[in-house]
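Let me begin by presenting the structure, written as structure tokens, before commenting on it.
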Amino acid sequence: GESVGLHLPTLSVQEGDNSIINCAYSNSASDYFIWYKQESGKGPQFIIDIRSNMDKRQGQRVTVLLNKTVKHLSLQIAATQPGDSAVYFCAENSGGSNYKLTFGKGTLLTVNP
Amino acid sequence: KAGVTQTPRYLIKTRGQQVTLSCSPISGHRSVSWYQQTPGQGLQFLFEYFSETQRNKGNFPGRFSGRQFSNSRSEMNVSTLELGDSALYLCASSFPKDEQFFGPGTRLTVL
């Protein structure tokens, strides 16, 4: 039969607001997690990563939180800008190698001016 | 520093044909990973090459193959193309650090 496209969760925010994008990962053995941003027509762009020995890591305007107890990852974007509009993916090294990533389905972030 | 480059950017083939895609990693990077992105399945890992050896492999049929050259450039080949192979093929380079940096992808359409 015809394949059905992934139904992406969407998040719509106002410019200047903070955004929180959530991700449930699949493998409790995963110990390396990454957030990517993908704009239309482009490849995924690395945002920030975190290892399982940490529960929080901050970058420029972004913070990643890791909760291993419930296998949950979140990306917080401060003062969201229109240029942040994109699909955001979380990824994990569920295959045991940091070079073999398993990606989540993605979240579409729309920033309204 | 130049980013990951992929050629060609767009490709149209017919069922049964084969195709070769090329990826040039960031200078100094020795690992190249390939991913397939489709609306139905999302981003899926194909394989990873390091020092001309396939180090990791995803769950794709044997029609999908790859190789890496001594300068770390990589190619992937898909033989006997099927309609379902239509996708965006992405490569990512890394190492020695773990962060994978992606190229813009090759959009393959199989008719």
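The values are calculated or read from the model by the stated rules, or taken from the named source; none is laboratory data. Being a predicted model, the structure only gives us computed values, none of them experimental. Note that each Cβ is placed from the backbone with ideal geometry, even for glycine, and that neighbours are counted across all protein chains shown. To get the accessible areas, we keep the full protein, side chains included, count just its heavy atoms, and leave off ligands, DNA and RNA. Shrake-Rupley method; radii C 1.70, N 1.55, O 1.52, S 1.80 Å.
With the requirement that a residue be over 15 Å from the mean Cα position of the chain (by Cα) and either in a loop (DSSP other than H, G, I, E, B) or of a type in the set (V, I, T) (or both), what does segment A:81-113 give you?
Correct list: A:Q81, A:S94, A:G95, A:G96, A:S97, A:N98, A:Y99, A:K100, A:V111, A:P113.
Tell me whether segment A:69-78 contains one or more residues that are crowded, with 18+ Cβ neighbours inside 10 Å, assigned to a loop (DSSP other than H, G, I, E, B) and more than 11 Å from the chain's Cα centre (by Cα).
No, segment A:69-78 contains no residue that is crowded, with 18+ Cβ neighbours inside 10 Å, assigned to a loop (DSSP other than H, G, I, E, B) and more than 11 Å from the chain's Cα centre (by Cα).
Can you tell me which of B:Q37, B:Q18 is under 26 Å from A:K105 (Cα atoms), open to solvent by 10 Å² or more (accessible area, probe 1.4 Å), more than 8 Å from chain A (Cβ to nearest Cβ) and touching a Leu at 6+ places or on another chain (Cβ under 8 Å)?
None of the others qualify; the one that does is B:Q37.
Go through segment A:42-52 residue by residue and tally those that are open to solvent by 80 Å² or more (accessible area, probe 1.4 Å) and assigned to a strand (DSSP E or B). Spell out the reasoning first.
Going residue by residue through segment A:42-52, those that are open to solvent by 80 Å² or more (accessible area, probe 1.4 Å) are A:42, A:45, A:51.
Those still in the list that are assigned to a strand (DSSP E or B) too: A:45, A:51.
Residues in segment A:42-52 being open to solvent by 80 Å² or more (accessible area, probe 1.4 Å) and assigned to a strand (DSSP E or B): 2 in total.
In the list A:D55, A:D31, which residue meets the criterion of being open to solvent by 20 Å² or more (accessible area, probe 1.4 Å) and either under 10 Å from the mean Cα position of the chain (by Cα) or within 14 Å of chain B (Cβ to nearest Cβ) (or both)?
Result: A:D31 is the single residue among A:D55, A:D31 that is open to solvent by 20 Å² or more (accessible area, probe 1.4 Å) and either under 10 Å from the mean Cα position of the chain (by Cα) or within 14 Å of chain B (Cβ to nearest Cβ) (or both).
When segment B:10-42 is examined, which residues are found to be within 17 Å of A:K42 (Cα to Cα), among the hydrophobic types (A, V, I, L, M, F, W, C) and out of contact with any Cys (no Cβ under 9 Å at 6 or more places or on another chain)?
Listed by number, the residues that qualify are B:L11, B:I26.
May I ask you to list pairs of residues, at least six apart or on different chains, whose Cβ atoms are under 7 Å apart, with the first in segment B:33-56 being over 17 Å from B:Q100 (Cβ atoms) and the second being open to solvent by 60 Å² or more (accessible area, probe 1.4 Å) and hydrophobic (A, V, I, L, M, F, W, C)?
Qualifying pairs under 7 Å: B:G40/A:V4.
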